[in-house]
Amino acid sequence: MKDMSNKRLSSVKELEELRQEILSKRDPDKPIITVCTGTACQAYGSLKIYQEFADEIRKQRLEGAVVEAKATGCHGFCEQGPVVVIFPQEICYVKVKLEDVPEVVSATLAQGQVIERLLYKNPVTGEKITKDPDIPFYKNQMRIIFGNNRYINPREIDDYIARGGYSALSRALLQMSPKEVLDEIKKSNLRGRGGGGFPTGIKWETTKNAPGEPKYVIVNCDEGDPGAYMDRSLMEGNPHSVLEGLIIGAYAIGSHEGFIYVRQEYPIAFENTIQAIKQAEECGFLGENILGSGFDFRVKVHRGAGAFVSGESSALMSAIEGKVGEPKMKYIHTAVSGIKGKPSCLNNVETWANVPHIINKGAAWFNSIGTDNSKGTKIFSLVGKVNNTGLVEVPMGMTLRQLIYDIGGGIPKGKKFKAVQTGGPSGGVIPERYIDTPIDFDELTKLGSMMGSGGTVVMDEDTCMVDTARYFISFCCEESCGKCIPCREGLRMLKEILTDICEGKGQEGDIEAIEDIAKVMQDASLCALGTTAANPALTTLKYFRNEYEAHIKDKRCPAKACKALTSYYIDPEKCTACRICFRNCPTEAIHGDKNIVHWIEQDKCIKCNTCFEVCPPRFNAVRRISGQPLPPPPAPGTKVIREKKR
Amino acid sequence: MISKTNNKKSTKLSKAVKKVLGSYQEDKDMLIQILLDLQSMFGWLPRTVLLEVSEQLEVPITQVYQIASYYKAFSLTPRGRHIIKVCLGTACQVRGSPQLLNIISAMLNLKPCETSKDMRFTLETVNCLGCCAMGPVIAIDDVYHSKPSILDLKRIFEAAK
């Protein structure tokens, strides 16, 4: 298809001709093997596996018309990586290893046979599932934004065009006026996916009507929330969908210059975006006179340099200007006065990616999905203590229980669900009793948390809630730019208090102090980082006050997670001197010998939890003790008691 | 500002900086992008490089230094040959990354952000590597390791000379 790509398309007719030409060269029945090369699968070595597939296909002389290997973006099922899907049958293989490649090629690709052992096994029923749409993880999702990832090589614009790509752009540019595009987005009730939930259409309109030229449009891919990677996977896996949305938005707003701001930690997203822009320019989707419409638009890519607060709109715009990314006081919104004081419309990656779908299928279709005030779907990154870690796209209004149990497959190792943390460092924890709450912009806010950009961290009985609060507060403390005092000093004080509590140095009055400081921060901070930073502390206090009290009054950590309040002890009556903990202890704190009961030298113990984890469950000899005095170690040379030796 | 003995070195440096500036058409708005390129070229941002950027781009050194010290991607001190990144993202956190950090810290006798005296290792913590399914995860020279055991770690560290 390279010959066509060199030619700029100058009309809708030419775009359709190109699409037909691409499709005519593609046989829908031809076996295609797609290998997920999202970040997690790459970390599992999927690039090598893809290469091996390409080589093996050549070796078995199946290349060309017969079969094809394709490296795609993230499929979302990261827990089971590397994931491989074979079309047209949609056979899904999980945890594929290099050694499996020749067999997959000779059996499945060449002869259509399914290899049982590589199929996903439903952990509940034990049943093997062949097609990926039948896997519960995928079956319960609604993949609109994310759905194309598994078909597309993100570095090939042809793949995107073959899936109907850029048809929304041609429709918007040539059949609709900018006002009609804007009205359609307003009618769709699309709200910002980055966390704020501001109505996108109104934001666009503000920039459109604001005085001053040029106007800018910006993609915010500075995804800083720890444990959230939906934007990364979209930008890496389907950059053209974001680009198409951005161009449509620019047309509606009347902007001719755009920026894509990508986090420095996302090198693949950066490269794929650069490549996508280059290809879009060659095809005439960017540049002058796009598709013969007379509309001009260009895009530049900026890398962030590692600052969480740079994801805030005014800070991000300062960073684009090459300055320090600190937020500004927003007496005037950035939509009116942003980059270099000009009207600048900034939306999140996922928000932009929604736009082509709305233009193609209409606002009424979009309104048919979701809840009263939150329309469409949302991508969540479901992580933490959950069986199926991965990225999931669901309609707004799905309950937390459906998300965590039906899609996420519940909590590993039969542990008890304790809470779910949503909304990243600005969000909060939601305890088990609210697990049937529908997820949308408003419902989670009522509980003191927020939907945010979609980070969903599941926590089980082993997670300490005070420590969780301390974790988020120290995160924000480190990331606070220090410009305003409530945020800078408030976070520092909160961090000190929470660290003290976790270390058993908590005092009466600490809880009240946390509440007071949080109130000041909410009222007086300059930007959203400061006003929301106390949320994790406030929600854990609201729902798990007893854990705080146990730490302060009883010097006890109920989850046995806080190092300073927990000790490790080997039960002399249960220890069989199997030597496993002895061998695994990183600090040589465990003493003992063959047939001699082991014991832990407390001064050397760094409480890394390794002995607790490696002690075989049938012995269960290592105990974690919190809030109680430690029993004395056994007398030196105590022999193992062997019961009924067989 | 630059002594004569360093002249040869400094012309080389000045050329390297010039090349990077050229790729951004010496646009002052691109200062962050320029420093990112220089950081990956040198592994850190020595004072001489910052001075060179300031001079050639005609931006006050205070502004260059402000950027270089504000953003996390920049290092103003030399880093070791092998960079160990321990992910402390929320997902890794609940799956035990603080304990893992403790173990690595004890094994290498390094605190986070420290570099060993022989310049072999730099221990860093990061907020999310974006592969939460593998958590707790560490990256050594950008190679990811999922849930490494003590024996895995010993092997990995020994392999990194």
Ordering A:283-290, A:163-170, A:353-360 by per-residue average of other C-beta atoms within 10 angstrom, highest first, gives A:353-360, A:163-170, A:283-290
Distance in Å, no decimals, from the C-alpha centre of region A:575-646 to the one of region A:137-199 is 57
Output for region A:157-367 (equivalent-ellipsoid semi-axes, sqrt of 5λ from the C-alpha gyration tensor, Å, descending) is 24, 20, 16
Here the whole-number average of other chain Cβ atoms within 10 Å per Cβ of B:82-93 is 5
With label points set 7 Å from each Cα along the Cα-to-Cβ direction at A:Asn373 and B:Leu151, the distance between them in nm comes to 5.6
In nm, the gap between the two label points placed 7 Å beyond Cα toward Cβ at B:Ser40 and A:Gln51 is 1.9
Here region A:570-578 yields Karplus 3J(HN,Hα) values (6.51, -1.76, 1.60; θ = phi - 60°; whole Hz; Gly and Pro given as x) of 9, 5, x, 7, 9, 5, 10, 6, 6
Candidate cut points under GluC sites (Glu not before Pro) in region A:472-553, DSSP loop plus at most 15 other Cβ atoms within 10 Å of their own Cβ, are A:Glu503, A:Glu508
From DSSP H assignment alone, runs of 4+ in chain B each adding -39500 (n - 2.57), the sum over residues rounded to the nearest 500 puts [θ] at 222 nm at -14500 deg cm²/dmol
Per-residue ellipticity at 222 nm attributable to helices in chain A (runs of n ≥ 4 DSSP H, -39500 (n - 2.57) apiece, nearest 500 deg cm²/dmol) works out to -10500 deg cm²/dmol
Of the listed pairs A:Lys186/A:Lys375; A:Lys413/A:Lys555; A:Lys179/A:Lys208; A:Lys607/B:Lys161; A:Lys594/B:Lys154; A:Lys7/A:Lys278, those with alpha carbons more than 18 Å apart are A:Lys413/A:Lys555; A:Lys607/B:Lys161; A:Lys594/B:Lys154
Reduced to Cα centres, the span from region A:429-463 to region A:274-347 in Å works out to 32
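Please tell me the relative contact order of chain A in percent, rounded to the nearest whole number, where contacts are Cα pairs under 8 Å and at least six residues apart.
Relative contact order here is 11 percent.
Could you tell me whether region B:3-94 comes out rounded, prolate or oblate from its Cα gyration tensor? Rule is a ≥ b ≥ c as square roots of the eigenvalues, rounded for a/c under 1.5, then prolate if a/b exceeds b/c, otherwise oblate. Each step should come with its number before you reach the end.
On the way: a/c = 2.38, a/b = 1.68, b/c = 1.42.
Prolate.
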For B:83-92, A:296-305, ranked highest to lowest by mean beta-carbon neighbours within 10 Å, the order is B:83-92, A:296-305
Hits in region A:602-635: amide N under 19 Å from the 7 Å Cα→Cβ extension of B:Lys111, namely A:606-607
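State whether region A:443-563 is rounded, prolate or oblate according to the following rule on the C-alpha gyration tensor (a ≥ b ≥ c being the square roots of its eigenvalues): a/c under 1.5 gives rounded; otherwise a/b larger than b/c gives prolate, and the remaining case gives oblate.
Numbers: a/c = 1.80, a/b = 1.28, b/c = 1.40.
The shape class here is oblate.
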quick shape note, region A:370-483: Cα extents on principal axes in Å, largest first -> 39, 36, 24
Bridge orientation stat for chain B from DSSP, antiparallel percent rounded to 5, came to 55
Here the percent of antiparallel bridges among DSSP beta bridges lying wholly in the protein assembly as shown, to the nearest 5, is 60
For region A:377-460, percent of DSSP beta bridges that are antiparallel (nearest 5) comes out at 80
Helix B:61-70 sits off the longest principal axis of the Cα atoms of chain B, rounded to the nearest 10 on a 0 to 90 degree scale, by 10
For chain A, longest principal axis from Cα atoms; helix A:465-479 axis from its Cα atoms; angle between them, nearest 10 degrees, is 50
Averaged over all viewing directions, the convex hull of the alpha carbons in the protein assembly as shown casts a projected area in nm² of 37.9
Averaged over the residues of A:218-227, the number of partner chain Cβ atoms within 10 Å of each residue's own Cβ comes to 3
Honestly region A:314-404 on the Cα gyration tensor test (a ≥ b ≥ c root eigenvalues; a/c under 1.5 rounded, otherwise a/b vs b/c for prolate or oblate) is just oblate
Relative contact order as a percentage, region A:465-553, C-alpha pairs under 8 Å and 6+ apart, gives 40
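So what's region A:495-646 giving for Cα Rg divided by 2.2 N^0.38 Å, two decimals?
Taking the Cα Rg and dividing by 2.2 N^0.38 Å, one obtains 1.39.
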If each part is reduced to its alpha-carbon centroid, region A:27-63 and region A:502-556 end up apart, in Å, by 50
Long-range amide H partners of A:Ala71, meaning residues 5 or more apart or on another chain whose placed amide H is closer than 5 Å, are A:Val35
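What do you get for GluC sites (Glu not before Pro) in region B:13-72 restricted to DSSP loop and a cutoff of at most 12 other Cβ within 10 Å of the site's Cβ?
Listed in order of number, the matching sites are B:Glu58.
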Burial-style ranking of B:27-36, A:585-594, A:415-424, average other-beta-carbon count within 10 Å with highest first, yields A:415-424, B:27-36, A:585-594
Whole-number value, in Å³ per residue, for the convex hull of the alpha carbons of region B:82-159 is 75
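Multiply the residue separation of A:Arg545 and A:Glu271 by 0.36 nm, subtract the distance between their alpha-carbon atoms, and state the gained length in nm to one decimal.
94.0 nm
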Treating only Lys and Arg (+1) and Asp and Glu (-1) as charged, each at its beta carbon, one finds that the protein assembly as shown has a dipole about its Cα centre, in Debye to the nearest 20, of 1960
Once A:Asp134 and A:Ser10 are pulled to full extension, the length gained, defined as 0.36 nm per residue separation minus their Cα-Cα distance, is 40.4 nm
Measuring from the longest principal axis of the C-alpha atoms of chain A, the long axis of helix A:535-553 (C-alpha) lies at a number of degrees, nearest 10, equal to 0
tail above 22 Å in the computed P(r) of region B:30-161, as % of all Cα-Cα pairs, reads 44
Between A:Lys604 and A:Asp523, the two model label points (7 Å from Cα along the beta-carbon direction) sit apart by a distance in nm of 5.5
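A short reminder: the numbers here are calculations on the coordinates, not readings from a lab. As the structure is a computational prediction, the values presented were derived from the model and not from experiment. All Cβ positions, glycine included, derive from the backbone under ideal geometry; neighbour counts span all protein chains shown.
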